[in-house]
Structure formats: C-alpha cells, structure tokens
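Input: a single structure, listed below in structure tokens.
Taken together, the values in this text are just the output of simple stated rules run on the coordinates, not laboratory data. Given the structure is predicted, the values throughout are model-derived calculations rather than measurements. Using ideal geometry, Cβ is built from the backbone for each residue, glycine included, and neighbour counts are taken over all protein chains shown.
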Amino acid sequence: MSSKRIVYIDNIKVFLTCLVVAHHAAQAYGPTGGVWVVNDLFKADWLRNFFFINASYMMGLYFFISGYFMVFSIKKKSNAAFMNDRLKRLGIPLLFFTFFVFLPFNYYFAESNHNVFSFFADTYLHKPPIATGHLWFVASLLAFSIIYIIFFYKKFISLAKNAAPLRVRHILIFVVILTILCAAIRLKYPIDVWRTWLIPVEPAHLPQYFLLFLAGTFFNHANWLNQLTGKQSVAFFGFAVFAYAVQMYLSDTIKNYWITESFIESVMCIGISMGILAFFKTFGNNTNALVSKISANSYGIYLLHLFIVIVLQYGIINLSLNANIKFIAVTIAGVLLSLLLSMIIRRSKYIRQII
C-alpha cells in the first residue's frame, strides 16, 4: 500500500477485511460449497444467502481496491523496484504459508502414504485450494501485478490522458463484458471448481477478479473514482438489489440458462461495489483508533485469520449454542485476535517491511 491515504477507501478495506473473517467464520455453520475442516452440528440456513452475496462482490471489490492503490506505488518507483517490492510483500508470504504452514498442516491431517514432496505436488496440481488456502488471493494479486506492469501500465497511462469523464455507459459496457466472459468460462468451469494454471485459480471468477483489478488501476490513472456520483451508485445498487430479489423467484430452467447466473452475479458485483463506495465516501470518510489499527494491519489479519478462526471453531464445537451466536463470537474474536497477533509480529522491522 502507498503511504498516500484515502480515508474512506481505507475504511472499505477494513470492512472487507472483517467481512473475509466473517465469511470464513461462517463456513462451519452454513452450507458452504467449498472445502472446510470444521463442520459444526449447529447450522444457520440464512448463511447460504450470506455466502451468495459475499461471493458476488467481496473479492472482486478487494481486487479493485488493490489495483487502485497499487498505482500509487508504481508511480513512486521504477518498474524493477516495484516488482522487487511485489515479490517481497506477496511472494514471501505466499511461499512461507504454502510450504511451512499449509503443507505440514495438510500432510499431517491427510495421513498420506506418499512422501511430502509427492503429496505437495498432488495437492498443488489437483487440489489447489488445499495447497495454498486463502493465499490464492496473494498469488493472483502477484500474477495480476506482473501482467499489468508488462502489458497494461504504459497503455493505461496513454489512454487515461484522453479518457472521457466517467459515464453510465462505461459501467454498462463493463457489466456486459464481465457477464459474457464469466458465462463463457463457466460453460466448462462451474463455480467452486479450481484449477492450477501455474497459480491456483477458480476459473469461474477469474474474469471478475482480473477485470476489476484492471478497472481499479484505470480508475486511478483516469481519476474516475472522484467522478463516480452518488446518483450513479444508488441506481446501480438498486438494480443489484432488484436482481438479487428476482433471482430468488426464477424457475430452475431460467436459472440454469448459461448466461443467467453470470448476469445476476455481475450486476450484483458492480452494483453492490458502487453502493459501498458511495456509502463510505458519504458516511465513512473519518476514522478512529481501532479502525486505523485494523487498516494498518489488514494484510496481516488476512494472512493470519484463517488459523485463528479454525481454532476458535474447534474450541466451541461441543458447546450447545445457537449457530448465530457461534458465528458472531468467532467473527469478533477472529478479527480482534488476528489484529493482536499481527500487531505483535509487526513489531519486527523486517516483518513490517513485508506485511
């Protein structure tokens, strides 16, 4: 992150960081479509919609903000210095957690007969969510950064100089492109199907993540974020709410049509993201001590929270408590304990240079 601060964007980053913790906290208590190691007997059915809404926009907005802030860093450094910084801040945590955290953890619980090297090759190639866990985001961000600096950086600078002001048509065109690309790739790779394409990816969401990352960089270059109006945001957010409401009543025939799922998700992704941007710009443009601490440690919280959440879920698995109470307790404790651990390890100036 750049030292240049935009308070309301920082606050969105805090919101998304807490939401990621909440999303993983909910995995033990709701109908997850992915892989999770804790399966509590107490369930909350409403978490199905929580997962659905989160999946539509949460990580896409994360990539947008990451791309937006990344441009500040590029402008201050040479390409070589920038890539060195990316490799240090993204590559080192990725390698550390993959080989020294996830690998021994997975190998121990799998009770595999293979040696550790064969086990790693098998999981990395065939079970990528297990091999890298939630650091798929870090791997993707590193890959996107490399692709951007090689193929898009100079082009975006040139395009931004002559870019027209942000208009509704730009957003509509983006939604259409996003819908078509996601729908096309999902003909072969449905949601929750993962592949290792050098890095672990979920192809179904790859167009959304990459295009929103690129959009974040271009919004910075063209100063489009400051041109985003409240009326535009409210209109698209309202359309997203409408799309979410309508999809609950669609017949399976319409829902299963090849482009329906991608269209609804794309509308929700852009609409909710714009709504969040507008809301925080209007009502969240100030901070306090706790929010500032979470913001400064957001990367550390993201890296560390998964293990804390799992320990907390196991710690209360035998308690006869309502799933909602467990979910809320694990979320709050997960955020605070992850923050505390991040603050402790970041006392080291060497670790602070990375996270």
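Find how much the distance from K154 to V38 grows on full extension, using 0.36 nm per residue of separation minus their present alpha carbon separation; answer in nm with one decimal.
37.1 nm
Positive end of the dipole of the chain, charges at C-beta (+1 Lys, Arg; -1 Asp, Glu), about the Cα centre: which of F218, M58, A139 has its Cα farthest in that direction?
Farthest towards the positive end: F218.
Across segment 216-231, in residue order, what do the Karplus-derived ³J(HN,Hα) couplings come to in whole Hz, using 6.51 cos²θ - 1.76 cosθ + 1.60 with θ = phi - 60° and x for Gly and Pro?
x, 5, 6, 4, 5, 4, 8, 6, 6, 4, 6, 8, 6, 8, x, 4
Stretch R347-Y189 to full length: gain in nm at 0.36 nm per residue minus the Cα-Cα span? Walk me through the numbers before you get to the answer.
On the way: separation 158, 0.36 × 158 = 56.88 nm, distance 4.31 nm.
Length gained between R347 and Y189: 52.6 nm.
Testing the spin-label approximation: label points 7 Å from Cα along Cα→Cβ at L340 and W46. State their distance in nm.
In this crude spin-label approximation the distance works out to 2.9 nm.
For segment 18-29, just list the computed ³J(HN,Hα) in residue order, Karplus coefficients 6.51, -1.76 and 1.60, θ = phi - 60°, integers in Hz, with x standing in for Gly and Pro.
Computed from phi, the couplings for segment 18-29 are 5, 5, 4, 4, 4, 4, 6, 4, 6, 4, 6, 10 Hz.
Please list 63-71, 198-206 highest first by mean number of surrounding beta-carbon atoms within 10 Å per residue.
63-71, 198-206
Would segment 182-290 count as rounded, prolate or oblate if I go by the C-alpha gyration tensor, calling it rounded below 1.5 in a/c and otherwise prolate when a/b exceeds b/c, oblate otherwise?
Because a/c hits 1.5 or more and a/b fails to exceed b/c, segment 182-290 counts as oblate.
With label points built 7 Å along Cα→Cβ from the Cα atoms of S118 and W258, find their separation and express it in nm.
The two pseudo-label positions are separated by 4.1 nm.
If the cut-off is a Cα-Cα distance under 21 Å, which lysines reach K154, setting aside same-chain residues fewer than 8 apart in sequence?
Straight-line reach from K154, under 21 Å: K75, K76, K77.
Taking 7 Å along the Cα-to-C-beta vector as the label spot, tell me the L172-K76 distance in nanometres, rounded to one decimal.
Computed distance between label sites L172 and K76 equals 4.0 nm.
Suppose a student asked you for the relative contact order of the chain, using Cα pairs under 8 Å spaced at least 6 residues apart; what percent would you report?
Working: 410 pairs, mean separation 105.3, N = 355.
RCO, the chain: 30 percent.
Among L172, L319, L212, which one moves the most in a GNM of the chain with springs linking Cα atoms closer than 10 Å?
Result for the chain, Cα springs under 10 Å: L319 fluctuates most.
What lysines does K326 reach when the alpha-carbon gap must be under 27 Å and sequence neighbours fewer than 8 apart in one chain are set aside?
K13, K43, K293
Given only helices, namely DSSP H runs of n ≥ 4 each adding -39500 (n - 2.57), what is the per-residue ellipticity at 222 nm of the chain, to the nearest 500 deg cm²/dmol?
-22500 deg cm²/dmol
Going by how many other Cβ atoms sit within 10 Å of their own, how do W36, W197 line up, fewest first?
Result, fewest neighbours first: W197, W36.
Which values of log₁₀ I(q)/I(0), to two decimal places, follow from the Debye formula for the chain at q = 0.08, 0.12, 0.13 Å⁻¹ with a uniform point scatterer at every Cα?
Values returned for q = 0.08, 0.12, 0.13 Å⁻¹ are -0.40, -0.96, -1.15.
Show me, for segment 340-355, the HN-Hα J-couplings you get by feeding each phi into the Karplus relation (A = 6.51, B = -1.76, C = 1.60, θ = phi - 60°), rounded to Hz, glycine and proline as x.
Computed from phi, the couplings for segment 340-355 are 4, 5, 4, 4, 5, 6, 7, 5, 6, 5, 6, 5, 5, 5, 9, 10 Hz.
Taking segment 166-208, which trypsin sites (Lys or Arg not before Pro) meet the DSSP loop condition and have no more than 16 other C-beta atoms within 10 Å?
Hits after loop and neighbour filter: R167, K188.
Rounded to the nearest 0.05, what FRET efficiency do L319 and Q227 have when you use their Cβ-Cβ distance and R0 = 56 Å?
0.65
Taking the Cα centre of the chain as origin and charging only Cβ (+1 Lys, Arg; -1 Asp, Glu), how large is the dipole, in debye to the nearest 20?
Numbers: 29 positive and 11 negative charges, 320 e Å.
Here the size comes out at about 1540 debye.
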